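Remarks on the structure that follows.
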Amino acid sequence: MHHEEKDSGLMEGLLIGGLIGAAVGVLFAPFSGERSRNLIKEKLKDLDLDDIVGRFSEAFEEAKQEAGKVQDDQARGE
């Protein structure tokens, strides 16, 4: 597996994990089951997953670049 494929899988896993965590949180909220399901449906309709994935991807790439700079600085003894 290539490095970019691993990064993509990590991003997808984090995104899916976050969505599942949010859904579980709503399910255990002090609302009735029907109201909780309706809240989940409303929130999922409001999500623009392409936008979220794009933002997450950009942030991940920026973090990788910064980590590389720090690693280079450390290698030079700065």
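Any read-out appearing in this document is the output of simple, stated calculations on the displayed coordinates, not a laboratory observation. Please read these numbers as outputs of a predicted model, since none were measured by experiment. For neighbour counting, all protein chains shown are included, and Cβ atoms are generated from backbone atoms with ideal geometry for every residue, glycine included.
Quick one: would you say ALA59 is among the hydrophobic types (A, V, I, L, M, F, W, C), in a helix (DSSP H, G or I) and in contact (Cβ under 8 Å) with a residue 12 or more places away in the chain? When the stated conditions are applied, ALA59 does not pass them. Among the residues of region 30-39, is any surrounded by fewer than 11 Cβ atoms within 10 Å (Cβ to Cβ) and not in a helix (DSSP H, G or I)? Yes - at least one qualifying residue is present in region 30-39. Going by what's in this entry, would GLU12 be described as surrounded by fewer than 12 Cβ atoms within 10 Å (Cβ to Cβ), part of a helix (DSSP H, G or I) and out of contact with any His (no Cβ under 9 Å at 6 or more places or on another chain)? Judged against the criteria, GLU12 is not a match. Filtered by the rule that a residue be within 16 Å of the chain's Cα centre (by Cα), within 20 Å of LEU10 (Cβ to Cβ) and not aliphatic (A, V, I, L, M), region 29-75 gives ASP50, ASP51, GLY54, ARG55, PHE56, SER57, GLU58, PHE60, GLU61, GLU62, LYS64.
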